[in-house]
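Trainee: Pasting in a structure now, in structure tokens, and then I'll have a few things to ask.
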Amino acid sequence: MAGDRSRCMACHTESVEEFLDIGTIPVANNFVPADKLGDPEPAYPLRVGYCHNCSHCQLLDMVPPTELFDDYTYLSGVSVTISEYLRGIASGLVERYSLGPDDLAIDVGSNDGTLLTGYLPHNIKVLGVEPAKNLLEISKAAGVETVCDYFGLKTAREVLDQYGQASVITSVNNFAHVPDPHDFVQGVDALLKEGGVFIVEIHYLIKMIQDGAFDTVYHEHMSYWGLIPMIALFEQYNMHAIRAEVLDIHHGQLRVYVSRKDELQPDETVAAIVEHEHKVGIPGWETCRELADNARSARTELLKLIDELIAEGATIGGYGATAKGNTLLSFLGIGPDRLKFIADRNTIKQGTYTPGHHIPVVSPDRIMEDKPDYLLNLAWNLTDEIAAQQSEYLKQGGHLIIPIPEVTII
Ligand code: DWN
């Protein structure tokens, strides 16, 4: 464990101050297999800090990446919404940059290869970079070659030697996982061909604060990026944002297109989002503290609702064995006494138990077998897809409890 620190990972000044403490909890994606239930489970402090110098929000305690990502249970391809979204990124880039068979597209944090499969019908050369060894067979079966490693300057040089320069490099929900963003950006600079573009997408700090989405905080997410601190980081490597978009996926994502400064010029979208960030005054210290207040009131409200329902005799299950769900359950102290099971389509997670409170993760078939009165929707970012999939359960009188941004029952 790299431990407690006040040194900002982005601007390197000693200016980081804590504003949110989730507690000391196990790693969100480390679901526990049945035969390991008796083993000691490591738990780490989970606290978020704000840099008073560059406004970058980040974790104060770092778990080594190898413990988080060498073996990874999340699969991009399980949700239809996410799969279509990721493949759409690839086809959108083919069109925007007129990519062809001579171009190499690299995806960093390529997971099961879903994003890269979006290039295949266009005959673009693809390469994934992904440290999770257990995902290699899955991406290979999807027709995606993958270098199994953590991305940074060293890996970028090795990839360059073997595969050549990339026309586009994507990093979708991966840049926040990086303990040293400087090394990552240097790697991008080393690997990108002249006129090439780096497309980085992350959970957007501004939307996270606006939605009170404190459950996005887990050990994997070492950074919580806004556009302004990100621009300051790229600036140090003679790179700049040429386009920025706020997208309605997860709880709101920021996508930033980045190039070397003397190669491509920014369009008006960058200045518009920067201006918006200045106008709403976030990220700012006081606003960050509001996120912590909101997390505490959401905890009180949700626990009250769940305990009242149980007192009335209702049964409750969960849907979505998500990383964010494990933050929520740990922060609220919810275990199998309140939530009988959590259903998830990901077969890697089925048969395991949630980290910490050990709620069994089961196949969604269990929902119609047990017919709990309520399902706490821990994948609230995918409610539409889940509600459609569980239409029979809902038709028969079942309900979904949506925890965030507002506690709602449907
Ligand atoms: O940033 C990250 C995001 C993109 O993915 C990672 N650090 C980790 C992960 O976070 P998460 O686990 O909170 O992500 P999701 O996308 O909200 O997870 C959805 C879960 O719900 C998956 O396990 C799949 C499952 N699911 C399901 O079982 N049936 C989802 C749908 C839509 C369904 O119908």
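The values are calculated or read from the model by the stated rules, or taken from the named source; none is laboratory data. These numbers were taken from a predicted model, which means no experiment stands behind them. We place every Cβ from the backbone using ideal geometry, glycine too, and count neighbours over all the protein chains shown. Protein only, heavy atoms only, side chains kept; ligands, DNA and RNA dropped before computing areas. Shrake-Rupley method; radii C 1.70, N 1.55, O 1.52, S 1.80 Å.
Trainee: Can you tell me which of (1) under 18 Å from P283 (Cβ atoms); (2) of a type in the set (A, V, I, L, M); (3) open to solvent by 10 Å² or more (accessible area, probe 1.4 Å); (4) modelled with pLDDT of 95 or more is the one I209 doesn't meet?
Mentor: (4)
Trainee: Right, another one. Residue by residue through the stretch 239-259, note down the ones that are under 16 Å from E194 (Cα atoms) and not β-branched (V, I, T).
Mentor: M239, H240, A241, Y257, S259
Trainee: While we're here: If you go through the stretch 269-317 one residue at a time, how many are within 30 Å of I367 (Cβ to Cβ) and of a type in the set (V, I, T)?
Mentor: 5
Trainee: What is the one condition in (1) open to solvent by 10 Å² or more (accessible area, probe 1.4 Å); (2) touching a strand residue (DSSP E or B) at 6+ places or on another chain (Cβ under 7 Å); (3) away from the ligand (no atom under 15 Å from the Cβ) that W380 does not satisfy?
Mentor: The number of the failed condition is (3).
Trainee: What residue, among those in the stretch 358-382 that are free of Cβ contacts under 8 Å to residues at least 24 places away in the same chain and either among the small types (G, A, S) or part of a helix (DSSP H, G or I) (or both), is farthest from D39 (Cα to Cα)?
Mentor: In this case the residue turns out to be E369.
Trainee: So if I check each of D35, D103, which one is open to solvent by less than 50 Å² (accessible area, probe 1.4 Å), more than 17 Å from the chain's Cα centre (by Cα) and more than 16 Å from the ligand (Cβ to nearest atom)?
Mentor: Checking each option against the conditions leaves just D103.
Trainee: Between residues in the stretch 190-205 that are closer than 22 Å to I82 by Cβ and residues that are part of a helix (DSSP H, G or I) and at pLDDT 95 or above, which pairs lie under 7 Å by C-beta distance while being six or more apart or on different chains?
Mentor: If the second residue must be part of a helix (DSSP H, G or I) and at pLDDT 95 or above, the pairs left are F198/V188; I199/L93; V200/F175; I202/F175; I202/A176; H203/A176; H203/T216.
Trainee: Mind telling me which of the residues P364, P336 ends up being touching a Lys or Arg at 6+ places or on another chain (Cβ under 7 Å) and either under 30 Å from C54 (Cα atoms) or of a type outside the set (A, V, I, L, M) (or both)?
Mentor: Going through P364, P336 in turn, just one is touching a Lys or Arg at 6+ places or on another chain (Cβ under 7 Å) and either under 30 Å from C54 (Cα atoms) or of a type outside the set (A, V, I, L, M) (or both): P364.
Trainee: Right, here's the next one. In the stretch 307-352, what residues are within 27 Å of L20 (Cα to Cα), more than 16 Å from the ligand (Cβ to nearest atom) and small (G, A, S)?
Mentor: Within the stretch 307-352, G333, G335 qualify.
Trainee: Additional query: Tell me, please, whether a residue that is in contact (Cβ under 8 Å) with a residue 40 or more places away in the chain, in a helix (DSSP H, G or I) and surrounded by fewer than 18 Cβ atoms within 10 Å (Cβ to Cβ) can be found in the stretch 128-151.
Mentor: Yes, the stretch 128-151 contains at least one residue that is in contact (Cβ under 8 Å) with a residue 40 or more places away in the chain, in a helix (DSSP H, G or I) and surrounded by fewer than 18 Cβ atoms within 10 Å (Cβ to Cβ).
Trainee: Any residue at all in the stretch 162-171 that's assigned to a helix (DSSP H, G or I), modelled with pLDDT of 95 or more and open to solvent by 20 Å² or more (accessible area, probe 1.4 Å)?
Mentor: Checked the stretch 162-171: at least one residue is assigned to a helix (DSSP H, G or I), modelled with pLDDT of 95 or more and open to solvent by 20 Å² or more (accessible area, probe 1.4 Å).
Every residue, every condition in (1) open to solvent by 10 Å² or more (accessible area, probe 1.4 Å); (2) more than 21 Å from the chain's Cα centre (by Cα); (3) within 16 Å of the ligand (Cβ to nearest atom); (4) at pLDDT 95 or above, yes or no:
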site	(1), (2), (3), (4)
L192	no, yes, no, yes
G195	yes, yes, no, yes
F214	no, no, yes, yes
Y218	yes, no, yes, yes
H221	no, no, yes, yes
H240	yes, yes, no, yes
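Trainee: Could you list, in sequence order, the residues of the stretch 269-323 that are open to solvent by less than 40 Å² (accessible area, probe 1.4 Å) and among the charged types (D, E, K, R)?
Mentor: Scanning the stretch 269-323 gives a single hit, E277.
Trainee: Among the residues of the stretch 47-61, is there at least one that is within 16 Å of the ligand (Cβ to nearest atom) and either over 26 Å from H278 (Cα atoms) or more than 19 Å from the chain's Cα centre (by Cα) (or both)?
Mentor: no
Trainee: Can you pull out the residues in the stretch 225-238 that are in contact with a helix residue (DSSP H, G or I) (Cβ under 6 Å, 6 or more places away or on another chain) and open to solvent by 10 Å² or more (accessible area, probe 1.4 Å)?
Mentor: Result: I228, Y237.
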